[in-house]
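A short reminder: the numbers here are calculations on the coordinates, not readings from a lab. Given the structure is predicted, the values throughout are model-derived calculations rather than measurements. Here the Cβ positions follow ideal geometry from the backbone for every residue, glycine too, while neighbour counts run over all protein chains shown.
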Amino acid sequence: MHSSTTNVPMVKIQVNGQEVEVKEGSTIIEAFYQNKIDIAHYCWHPGLSVAGVCRLCMVEIEGNPRLQIACNTTVTPGMRVSNVSEKVKDAVKWGLDFHLINHPLDCPICDQAGECGLQDQYMKYGRNDSKMGEAKVKKHKVVDLGPRVVLDSERCILCSRCVRFCDEVPKTSELGIFNRGDRAEVGTFDGKPLTNKYSTNVVDICPVGALTSRDFRFRQRVWFLKDKETICTGCSTGCNVKAYYNKEGVFRVKPVYNAAVNGHWMCDDGRDIYKFVNRENRLIDAKLVSGGKTEHMQPMELAKRLGATLKGQGASVALVLTGSHSVEEYEAIVSYFKNDVGTTQIYHWINNPDTIDSFDGILIRGDKNPNTKGLIEVLAKNGVSTQWKSLTDSIGTGAVKTVVVAGPENQALFPDMKVKISELSKAAKLVWMTAGKNSELESLTGDVALLPLKTYVEKPGTFVNHAGLRQKTQPVTSIVPGALSLVEAVQLFRGEELVAKPVQEGEKPNEIGKGRVHNEFTLTRGVW
Amino acid sequence: MSTVQAVDKNSTYKVKRPEAGSNWFLPGIFLGLTLTGTKMLRNLFDYVKSMGGAKRELMPTVNYPEEKYEYSPRFKGNHVLTVKKDGALRCTACMLCATNCPADCISIVASEHEDPTVEKFPISYEIDILRCVFCGFCEEACPVDAIRMGPEWQTPGINGSEFQYDLKQLAYRPALKGGIVSVVDEEERHKAGI
């Protein structure tokens, strides 16, 4: 949106007395949006076509006797537009009153409360009692549109964003508006479920609480959650997302606009990847099983002990890597194995070789790793080229005695997890570093060491997506305190201590652990 | 009898103390003893009188724990979760009380109700009464009169878990005699078209 290509002529217009420049042919609301000037709107969305049904983006254009909607009026050079005049405010106020005629205003039990367009506008313009004498029209509540989306027709303001989304983005057209007048309702034809792979986006774009996510429904109020940007590690597209978390863990992810990667959207599978990072699905303890004796210890302690046993072992040690870690981590661990251990037996575990190049034409890619490109890059730079078969062969012959596995981070994306565990556990000694808990790994006997790792929300790192785009992420929150990133694990393998980097001058301090300021609402009581 | 005198704006204060033998303390002591004795005698005979059924006002002290003082119904003591006419919880788990609570003592777990007109309800509602400061903000924030503060004020307990009030304790404890009915009725609201 913000990139201005040089071959499109620019038009200068005045918005609320402020001179702004937009591309020729764009609409007035785009001028507002690109310059971050507030304008009330429900039906317009930058990623969708124009519908012009909510009638809230009214603007006064100089020389035009009637108010116009900003979303469907093209800019002309020298146009003077205002949305702060009394006339516009009055129109918005009454427009809002019409939206609220049949809206139940059940904000206390509505999941959208706190991030609702209607609630914001109501607090800003309305806050008046309804002028309608008639009872509100009763419609269907808690309708399961599909496996992931729940509809409450009473709350719907018929902006048609969801209908346009299904028509334009996944092009599956499941949704439609049925009946007329105040009995109009969003629904699916013949009650067919909304099952496209992008269906949860309709929850994000719904300006009110009519469409809510089955997964997130009633689990948290949104004002208890903090958010931070990261990327989705569900596939090699690397969509930009915001993770919403509190001290209990991560609760949901939502897409963030990035024209170069994902636009405004993300897929439904990506919405589930927050689940494996939460504490109940994580490996918490470091465990060392040797000679029939099991020891539980701190991960740091285990990493130090492992470092002492691995050093200088040469080609009898093999390393298995998956595409789920960051470039920095690959560089650290590959250089450790090459220089300190003295082996180039480094193998790439490809989880879905058959579908690795598939693409659905929108966002979903068959390579279910965020950083396959980065791993291949690092391996090539270090002159490692190996075939998986030679690993299984050398485990069989006993040439490889110790196998060190790093990953996978999200075990749900690795359908061959079971097979690989049984394959690799044939080695005399197995060191498995992973983030998620796995009952098969924990029930392994023989010489096994389990080391808990951090997930993508807990560490900084660079991920290279399918197109070779390098995206740097910052840690979002901390979930398993003792877990290590591969960079930290390598430091401990080498016998170094983990030292927190002092904050440099001008550098922003790390915001991990800084939760919601408790009772910000109580503290601002009476201040509007 | 000491007087404080400012000697100089910038220097220290000098305290002027009474010299020894300049005052008689004995009259003061006797005055105090007379007051104490009078009160003691009065309370002693009032107590005897009150045993015989005389007026209570004379003797403000109660013999706790045999006698217990009843506060007015408007007293803001222990929390009560109100119920609907059918005895189900009135609370909709909107978490406005938890949001408003300055002591962070309310924890609610919401869930989907099988009845679509109810939609959301708490499967767990806990108040850590030791953290509670009885400010009444929860009552104030509640949109459906689901939480009130009642006249009960005694909160004894032997261990920590007895101070973690759960749903059963808050809504259905024996003292509430089957629950207090909320003034907000869903059916009446539906009939009124809200």
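Lysines within cross-link reach of B:LYS177: Cα-Cα under 17 Å, excluding same-chain residues under 8 positions apart?
B:LYS84, B:LYS85, B:LYS168
Kindly express, to the nearest 10 degrees and within the range 0 to 90, the angle between helix A:299-310's C-alpha long axis and the longest C-alpha principal axis of chain A.
Long axis of A:299-310 versus the principal axis of chain A: about 40 degrees.
Calculate the dipole size of the protein assembly as shown relative to its Cα centre from +1 charges on Lys and Arg beta carbons and -1 charges on Asp and Glu beta carbons; express the result in debye to the nearest 20.
Once rounded to the nearest 20, the dipole reads 1120 debye.
Work out the charge dipole of the stretch A:1-157 with +1 on the Cβ of Lys and Arg and -1 on the Cβ of Asp and Glu about the Cα centre, then indicate which of A:PHE32, A:VAL143, A:MET10 is farthest towards its positive end.
A:VAL143
Given 0.36 nm per residue, what is the gain on full extension from A:LYS131 to A:ILE284 after removing their alpha carbon distance, in nm?
Extra length available between A:LYS131 and A:ILE284 comes to 49.3 nm.
When the convex hull of the Cα atoms of the stretch A:107-277 is projected onto a plane and the area is averaged over all directions, what value comes out in nm²?
So the mean shadow area of the Cα hull is 11.1 nm².
Would you work out the relative contact order for the stretch A:305-412, in percent, from Cα pairs under 8 angstrom that are 6 or more residues apart?
Reported relative contact order: 40 percent.
Can you tell me the alpha carbon radius of gyration of the stretch A:283-425 divided by the globular rule-of-thumb value 2.2 N^0.38 Å?
Expressed relative to 2.2 N^0.38 Å, the Cα Rg reads 1.11.
Can you give the net charge of the other residues whose Cβ lies under 15 Å from the Cβ of A:GLY52, counting K and R as +1 and D and E as -1?
+3
Going by amide H atoms built from the backbone, whose H comes under 5 Å of the H on A:SER324, apart from near neighbours?
A:GLU409
Arrange A:ILE37, A:ILE479, B:ILE127 by Cβ neighbour counts within 10 Å, fewest through most, would you?
So the residues, fewest neighbours to most, are A:ILE37, A:ILE479, B:ILE127.
Report the extension gain between A:SER390 and A:THR195 in nm, rounded to one decimal, defined as 0.36 nm multiplied by the number of residues separating them, less their alpha carbon distance.
65.9 nm
Find the all-direction average of the projected area of the Cα convex hull for the protein assembly as shown, expressing the result in square nanometres with one decimal place.
So the Cα hull casts an average projection of 52.9 nm².
Provide the net charge surrounding A:VAL75, with neighbours chosen by a C-beta distance below 14 Å and charges set as Lys +1, Arg +1, Asp -1, Glu -1.
Taking every Cβ under 14 Å from that of A:VAL75, the sum is -2.
Take the Cα coordinates of the stretch B:79-191, assign each an equal point scatterer, and use the Debye formula without solvent to give log10 I(q)/I(0) at q = 0.17 Å⁻¹.
-0.81
What's the extension gain from A:ASN35 to A:LYS124 if we count 0.36 nm per residue and subtract their Cα-Cα distance?
Result: 30.0 nm gained on full extension.
Could you check the simple spin-label distance between B:VAL118 and A:SER358, using points 7 Å along Cα→Cβ, in nm with one decimal?
Simple spin-label model gives 4.4 nm for this pair.
Treating only the Cβ of Lys, Arg, Asp and Glu as charged (+1, +1, -1, -1), what charge dipole size does the stretch A:107-277 show about its Cα centre? Round to the nearest 20 debye.
So the dipole magnitude of the stretch A:107-277 works out to roughly 300 debye.
Excluding residues on the same chain fewer than 8 positions from A:LYS418, give the lysines whose Cα lies under 21 Å from its Cα.
A:LYS275, A:LYS287, A:LYS368, A:LYS389, A:LYS401, A:LYS426, A:LYS429, A:LYS437
In the stretch A:107-277, with Lys and Arg counted as +1 and Asp and Glu as -1 at Cβ, which of these residues, A:ASN201, A:CYS107, A:PHE189, has the Cα nearest the positive end of the dipole, that is, farthest along it?
A:CYS107
Lys/Arg Cβ at +1, Asp/Glu Cβ at -1, dipole of the protein assembly as shown taken about the Cα centre: which of A:ALA286, B:CYS135, A:VAL431 is farthest positive-ward?
Working it through, the farthest residue towards the positive pole turns out to be B:CYS135.
Among all the lysines, which ones have a C-alpha under 23 Å from A:LYS36's C-alpha, if same-chain residues fewer than 8 places away are not counted?
A:LYS12, A:LYS23, A:LYS87, A:LYS89, A:LYS93, A:LYS124, A:LYS226, A:LYS228, A:LYS242, A:LYS254
Enter the angle in degrees (range 0 to 90, nearest 10) between the Cα long axis of helix A:388-397 and the first principal axis of the Cα atoms of chain A, meaning the one along which they spread out most.
30
Can you sort A:HIS325, A:HIS466 from fewest to most other Cβ atoms within 10 Å of each residue's own Cβ?
Ascending number of Cβ neighbours within 10 Å: A:HIS466, A:HIS325.
Under a Cβ-Cβ cut-off of 13 Å, what is the net charge of the residues other than A:THR343 that fall near it, where Lys and Arg count +1 and Asp and Glu count -1?
Summing Lys and Arg as +1 and Asp and Glu as -1 gives +2.
Suppose each label sits 7 Å from its Cα in the direction of the beta carbon; what would the A:ARG80-A:THR294 distance come out to in nanometres?
7.9
Taking the DSSP beta bridges in the protein assembly as shown as the whole, what percent of them are antiparallel, to the nearest 5?
Percent antiparallel among DSSP bridges in the protein assembly as shown is about 75.
Work out the length of the dipole vector of the stretch A:332-379 about its Cα centre, built from +1 on the beta-carbon of each Lys and Arg and -1 on the beta-carbon of each Asp and Glu, and round it to the nearest 20 debye.
120
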